[in-house]
1. Note down the nm distance, to one decimal, between modelled labels 7 Å out along Cα→Cβ at LEU54 and at GLU169.
2. With a 1.4 Å probe and all protein chains left in place, how much of the accessible area of the chain comes from carbon and sulfur atoms, in whole percent?
3. Hey, what's segment 129-286 come to in accessible area per residue, 1.4 Å probe, Å²?
4. Whole-Hz Karplus ³J(HN,Hα) for segment 229-241, in order, using 6.51 cos²θ - 1.76 cosθ + 1.60 and θ = phi - 60°, x for Gly and Pro?
5. Can you list the residues, at least 5 places off or on another chain, whose amide H is less than 5 Å from the amide H of THR72, using H built in the peptide plane?
6. Please list ASP32, ASP215 in order of solvent-accessible area, largest first, computed with a 1.4 Å probe with all protein chains present.
7. Counting only GluC sites (Glu not before Pro) that sit in a DSSP loop (anything but H, G, I, E, B) with at most 12 other Cβ atoms within 10 Å, what is the longest stretch of the chain containing none of them?
8. Accessible area per residue for segment 1-94 in Å², computed with a 1.4 Å probe and the full protein assembly in place, what is it?
Amino acid sequence: MFEKIAVIGAGTMGTGVSSDLLLKGYEVTLVDINQDQLNEARKEIKNVIRMAPLLIKNMKTLDVKTVLNKLTLTTRLSDIKECDFVIENISEKKEAKFKLYEELDLLMNQEVCFGVNTSCISITEVAAHTNRADKIIGIHFMNPVYLKGAVEVIRGFYTSDACIEIVREFLASIQKKAILVNDYPGFVANRISHLFMNEAAYVVQDQVADAKQVDDIFKECYGHSMGPLETADLIGLDVVVDSLNVLYESYQDQKFRCCPLLKKLVSAGCLGKKTGKGFYTYHDFI
C-alpha cells in the first residue's frame, strides 16, 4: 500500500483529508499556490491531531510533533513527484481542474492513480485531460473527514477495476468504507444535498423561516445531525454556489438554479464558517 500521499489544495477539504491521513500514519505532502493558506492549514491540522483522540473512541493520544513531522507543506507542484497517490481538492472550477490534471499527468509516474475529490464535476471529463483515464477515480470525502466512516467513490467511464480495488484498499487502511457509484455530475451525495441547501436558502430568502428554524426542522423532525444551512456554511457557500452552477450547466434543469441569496452572501464575502459569517456567525474560525 501507499506510503506518501500528495494532497493538492489546502482549503477546507484538503486540510481535512491531510489531517485524517496523518492521524492514520501516512506521510503527506500538501500543496497550495498560497503560502498563507498552507500556514492556516497547518494550524487546523495541529488542532485536529490534538482533538481527534477526544472525539474518536479508543484512539490513543498522539504526539503532535511526531505526527506533524510527516507533513510537508509546499507551493511547488513538483515536490509531489515521488508520491504514491494523488488526492486533488481544488475549487469546483472546471478550467482550473483540467489545467492541473494536464500538469499532473506529465509530472507523475504513469502508474500513479489520481483521486478527484469533487462534489459535482464529471470524473470522465477530468480523465479526458490525461493520458491515464483508467487511473482517474472520484473520491468524494465528507467533512469533517476524520469523523466520517464512508466515502462516495465514483467510477469514471474508463476507470479500471484495478484502480477501484487500489482505492478500496487505501480507504480501508484509513478505516473508511468505499460506496461505489457511477459518474454523472453531482453523483449521489451532492445531486441530492445541494437541492436541500439551495431550497433551504430560498425558504430563508422568502422569509418563510430563518436559518435556525430550517435547520432545527431537519435535525429535530428528520433526525439529521446537521441542517442544510449549517452544512452549507461548513462546506463554504462559495463552494456550494460553484457546485450548483456545475449542476445547472450539466443538466440544464431549473431545479439547480442557484438561489440569489446564496450569490449575494458570496459576493459579500460571507462564505460560512471559514470566514466567520454565512447563514450563521462564528467566533472560532481560522
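1. 3.8
2. Details: 7350 of 14120 Å².
The computed percentage sits at 52.
3. Numbers: 8010 Å² over 158 residues.
On a per-residue basis, segment 129-286 sits at 51 Å².
4. Using θ = phi - 60°, the values come out as 7, 4, 5, 4, 4, 5, 5, x, 5, 5, 5, 4, 4 Hz.
5. So THR72 has HN proximity to VAL28, THR29, LEU30.
6. Values: ASP32 25, ASP215 0 Å².
Ranked from most to least accessible, the order is ASP32, ASP215.
7. Details: sites that count: GLU3, GLU82, GLU111.
Value returned for the longest uninterrupted segment is 112-286.
8. Details: 4810 Å² over 94 residues.
In whole numbers, segment 1-94 has 51 Å² accessible per residue.
The values are calculated or read from the model by the stated rules, or taken from the named source; none is laboratory data. Source: prediction; values computed, not measured. Every residue, glycine as well, gets a Cβ built from its backbone with ideal geometry; the counts of neighbours run over all protein chains shown. Surface areas here come from the heavy atoms of the whole protein model, side chains and all, with no ligands, DNA or RNA. Shrake-Rupley method; radii C 1.70, N 1.55, O 1.52, S 1.80 Å.
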